[in-house]
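Beneath this line is the structure, given in structure tokens, with notes to follow.
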Amino acid sequence: MDRVNQVVFRAGTPASRRPGFTLVEVLLVLAILAMFATLFIPGVTSILREMDARGPEQIVSETVLAARGAALESGRTVTLHYDAEARRFLADAPSVPTEALPAGLKVELLPPETGATVLLGGQLVETGELQRVRFFPDGTCDPFRVRMQEGTTAPRLLQADPWTCALSPVAAKR
């Protein structure tokens, strides 16, 4: 009989004593969530936009790998050179993208190893810039380096692996 009384007692509990959330509590939580969303969504979208933005190194690397791919697909040698006026790499294959690099960025194609240097303004500057780089149908390329410098910042140097044509940063010498 006790069990029957317990069931009747629970079923007869007034609505104000049942567990749950009131309408005011639910609305308060929704208002707090809306406030956080308005604060954080603009920040998240700007972070995502920055992550999607491609830097000069990525543009150059994609162009180099596209030239290698064009040589592999066509079965002929593809030549790539840098046009400073247009601020872009140009290839003799139409499938290689020619995206412009940022203004104020100086780009040079250099031989694979340190060539002749000249002391200018207290810094050693390499001479002997390459006019072009060739990508061969077997997937290899001429060994080369790419030197990029924005304004007065320290130059960034990328070296191409002649077997895969992949670019990798060159450690600064001390």
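List of remarks:
- Protection-proxy order for peptides 37-43, 90-96, each taking the mean of Cβ atoms within 10 Å per residue, highest first: 90-96, 37-43
- Nonlocal amide H pairs with Thr98, under 5 Å, H built at 1.01 Å: none
Each value in this text was obtained by applying a stated rule to the coordinates, not by laboratory testing. Fair warning: this is a prediction, and the values are worked out from it, not measured in the lab. As a convention, Cβ positions derive from the backbone with ideal geometry for all residues, glycine included, and neighbour counts pool all protein chains shown.
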